[in-house]
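The values are calculated or read from the model by the stated rules, or taken from the named source; none is laboratory data. This is a predicted model, so every value here is computed, not measured. Quick reminder, even Gly has a Cβ in these numbers, built from the backbone with ideal geometry, and neighbours come from all protein chains shown. Each accessible area value is taken on the protein alone, full model and side chains, heavy atoms only, with ligands, DNA and RNA left out. Shrake-Rupley method; radii C 1.70, N 1.55, O 1.52, S 1.80 Å.
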Amino acid sequence: MNIVVLAGGLSPEREVSLTSGTLIANALIENGHRVLLLDVYLGMRALPAQPLTLFSDQPYPAHTVSERVPDLDALRRESQNGDALIGANVLALCAMADRVFLALHGSMGENGQLQATLETHGIRYTGSDYAGSLLAMDKDIAKRLFCVAGIPTPEWVYFSASEQPPRALWDRVGLPCVVKPCDCGSSVGISMADTEEERSAALAEAARWGSSVLVEKKIVGRELTVGVLDGTALPAVEILPESGFYDYKNKYQGTTREICPAEIPDAVAARAADLALRGFAALRLSGYARFDFLLDQSGELWCLEANTLPGMTPTSLLPLAASVAGISYRDLCERIINL
């Protein structure tokens with residue numbers, strides 16, 4: 001098949017996406033496909049007379065994630081693309097492909113905007129549709145649906161980043177708490193706060209990355225994640241950062257240990273798998289996704305969020321869980337493109 005792998009984008013997670021996209025593209029090329037790795041934001045201003053020649057069977061050079069979140073303002077200036085989220089000729093090239101593999105993370109790539117755009121152009125793509133993507137990306141909506149489905153999730157408050165919520169809302173969550181942008185992934189903009197002063201600083205940081213903020217009761221426990229692939233839960237992974245929590249740096253700089261299958265009782269593993277599958281259904285997801293949990297000292301599991309386009313980098317958790325289940329990286333990419 002001719003496959004476009006869409007990556008990059010005007011998102012704080014663009015470097016992660018480009019790394020995922022490169023690996024996915026090369027895996028699909030090894031599987032015998034012809035691939036075009038395309039930055040959805042930069043696009044391609046000029047096309048050759050025969051655009052199908054852009055689909056290649058030659059591997060792409062590796063891309064690595066730096067410690068720092070990319071400077072999106074600098075990217076806007078250098079590209080001169082401004083706030084246009086889809087670059088020149090992106091949709092035209094996607095329409096020429098047999099499939100589009102979405103290797104995007106966060107922002108327009110994961111909140112349903114791109115999915116809706118592709119659907120209106122009759123373009124086939126991987127992962128959940130626009131509705132499921134929206135429901136999962138908005139952490140407030142996702143947590144509300146978790147509650148309806150009987151999936152435990154930490155107490156939270158949600159408000160516009162420009163608001164100052166009343167004291168009654170703060171009392172619902174208390175301190176310590178976790179402050180995060182409502183619609184970012186890869187732990188971008190997330191902070192832990194033990195005092196009111198730290199909470200104020202955390203709110204300012206979260207507001208840099210989104211227009212709305214979610215403040216969540218801090219649960220102390222073991223970090224677990226469960227992938228779902230084609231209606232089946234993959235083995236749970238335990239995440240052990242060398243220090244702090246599973247933030248952007250720990251995720252992508254090799255400073256975290258991942259244990260799969262997680263060393264937890266069988267009953268807890270079964271419970272995590274069941275909650276992930278129920279969350280998958282509650283959010284109307286399809287194809288594949290990953291659910292993040294905390295296991296507290298009493299043995300209760302708390303669902304934090306869902307990731308509809310989980311990372312596919314060398315340190316990513318879904319490929320690790322798939323490999324433990326006997327699914328190689330190449331086979332995982334092939335299964336996703338065919339779901």
For this session: Along Cα→Cβ, 7 Å out, is where each label goes; now give me the distance between the ones at MET1 and VAL148 in nm to one decimal.
Result: 3.1 nm
Problem set entry | In order through the stretch 89-105: 3J(HN,Hα) via Karplus (6.51 cos²θ - 1.76 cosθ + 1.60), integer Hz, x for Gly, Pro | 6, 4, 5, 5, 5, 4, 5, 7, 7, 6, 8, 10, 9, 7, 10, 8, 9
Problem set entry | Rough spin-label spacing in nm, given labels placed 7 Å along Cα→Cβ, for ALA88 and ASP331 | 4.4 nm
Problem set entry | With every protein chain in place, the chain: carbon and sulfur % of accessible area (1.4 Å) | 50 percent
Exercise. Roughly how many Å² of ASP230 are accessible to a 1.4 Å probe, to the nearest 10?
Worked result: 90 Å²
Problem set entry | Euclidean distance between Cα centres, the stretch 78-129 to the stretch 289-318, Å | 25 Å
Exercise. Which value at 222 nm does the chain reach when only helices count, each DSSP H run of 4 or more adding -39,500 (n - 2.57), with the total divided by all residues and rounded to the nearest 500 deg cm²/dmol?
Worked result: -10000 deg cm²/dmol
Problem set entry | Amide H partners (placed H, <5 Å) of GLU155, local residues excluded | LYS217
For this session: Any chance you could look up the accessible area of ARG278 with a 1.4 Å probe, heavy atoms only, rounded to 10 Å²?
Result: 80 Å²
For this session: With everything on Cα atoms, drop me the angle between helix 139-148 and the longest principal axis of the chain, reported from 0 to 90° to the nearest 10.
Result: 60 degrees
Seminar exercise, completed: In whole Hz, the Karplus estimates of ³J(HN,Hα) for the stretch 302-311 (6.51, -1.76, 1.60; θ = phi - 60°; x where Gly or Pro) are 10, 8, 8, 5, 10, 10, 7, 10, x, x
Problem set entry | Extension gain, ILE259 back to VAL324 (0.36 nm per residue minus Cα-Cα distance, nm) | 22.4 nm
For this session: Give me the percent of DSSP beta bridges within the chain that run antiparallel, rounded to the nearest 5.
Result: 75 percent
Problem set entry | Karplus-derived HN-Hα couplings along the stretch 325-339 (A = 6.51, B = -1.76, C = 1.60, θ = phi - 60°), whole Hz, x at Gly and Pro | 7, x, 10, 5, 4, 4, 5, 4, 4, 5, 5, 5, 5, 9, 5
Exercise. What is the set of long-range amide H partners of MET312 at a cut-off below 5 Å, with H atoms built 1.01 Å from backbone N?
Worked result: SER20
Seminar exercise, completed: Hydrodynamic calc, the chain: Kirkwood Rh from Cα pairs, then Stokes-Einstein at 37 °C with viscosity 0.692 mPa s, so D in µm² s⁻¹ is 161 µm²/s
For this session: With a 1.4 Å probe and every protein chain left in place, tell me how much accessible area ARG14 has, in Å² to the nearest 10.
Result: 20 Å²
For this session: Report the net charge of residues surrounding LEU294, where surrounding means a beta-carbon distance below 10 angstrom and charges are Lys +1, Arg +1, Asp -1, Glu -1.
Result: -2
For this session: Report, by chain and number, residues whose modeled amide H sits under 5 Å from the one on LEU36, excluding near sequence neighbours (fewer than 5 apart, same chain).
Result: ILE3, VAL4, VAL5, SER56
For this session: Using only the Cα atoms of the stretch 1-151, each taken as one equal point scatterer with no solvent, compute I(q) by the Debye sum, divide by I(0), and report log10 of the ratio at q = 0.12, 0.17, 0.22 Å⁻¹.
Result: -0.52, -1.00, -1.46
Exercise. Does anyone have the angle between helix 266-282 and the longest principal axis of the chain? Alpha-carbon axes, 0 to 90°, nearest 10?
Worked result: 60 degrees
For this session: Give me the number: length gained by fully extending GLN297 to ASP194, i.e. 0.36 nm times residue separation minus the C-alpha to C-alpha distance, one decimal in nm.
Result: 35.1 nm
Seminar exercise, completed: the chain accessible area per residue, 1.4 Å probe, protein heavy atoms, integer Å², reads 42 Å²
